[in-house]
Amino acid sequence: MATQNPIESEGTYPLPEAQVDRFMMKVQVDYPSPEEEFVIVERVTGVTPAVAAVATTEQLLALQSECRRVFVDPSLIQYAVKLVGASREPDRYGIRDTARLISYGASPRASINMVEGARALAFLRGRDYVLPEDLTDLAPDVIRHRLVLSYEALAEGLTPDRIIRRLMDAVTPPAKPLESHARTAANA
């Protein structure tokens with residue numbers, strides 16, 4: 001985990017693409033509301049409370065293991081692969097006039113991170129299976145820092161999120177990803 005302040009860059013240096021790619025997500029965080037900022041200031045400037053453990057190492061490992069058992073339908077894995085692939089070869093996926101806007105698309109690591117992130121999100125949402133919205137909710141956070149936009153895209157004022165929206169509009173998730181899973185479970 002790392003933080004990045006887009007306003008101040010003096011004394012900092014951008015990471016090479018290969019290192020940026022190793023971060024699972026780039027989550028954009030806006031300024032806090034006045035109420036949230038009040039709580040932040042109160043916590044930072046107040047007396048430091050005693051910190052108590054909320055979970056043991058064994059409990060965390062058990063949760064990690066449980067999360068790995070969340071079912072991901074092969075059609076959803078294929079969707080992640082196609083969406084990430086569209087960032088590298090938009091023409092192949094019928095996304096016209098987009099290849100000129102991307103110098104480098106997302107690596108296969110983005111597909112892996114989308115699936116692993118969707119698995120964790122489904123688990124947090126109380127399910128033992130991934131739904132398309134688990135992937136689509138995470139896609140911008142997983143892909144945005146991996147796209148290297150062309151000079152042309154930057155000159156047009158485009159952002160990675162706008163390009164990702166184009167990709168997501170063209171590469172649609174499967175309509176019934178759990179149909180085969182339901183049949184398999186019924187036959188078991």
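The values are calculated or read from the model by the stated rules, or taken from the named source; none is laboratory data. Here the structure is a predicted model, which means the values were calculated and not measured. Using ideal geometry, Cβ is built from the backbone for each residue, glycine included, and neighbour counts are taken over all protein chains shown.
When you check I102 against the structure, is it among the β-branched types (V, I, T) and in contact with a strand residue (DSSP E or B) (Cβ under 8 Å, 6 or more places away or on another chain), yes or no? In short, yes. Taking each residue of the range 46-63 that is surrounded by 10 or more Cβ atoms within 10 Å (Cβ to Cβ) and looking for partners that are of a type in the set (S, T, Y) with beta-carbon atoms closer than 6 Å, six or more apart or interchain, yields nothing. Restricting the range 10-50 to residues that are among the acidic types (D, E) and part of a helix (DSSP H, G or I), the residue that is farthest from R144 (Cα to Cα) is E42.
Yes or no: L101 of a type outside the set (D, E, K, R) and within 13 Å of L138 (Cβ to Cβ)? Answer is no for this residue. Remark: R92 matches the filter, which requires a residue to be of a type outside the set (D, E), within 21 Å of I143 (Cβ to Cβ), in a helix (DSSP H, G or I) and at pLDDT below 95.
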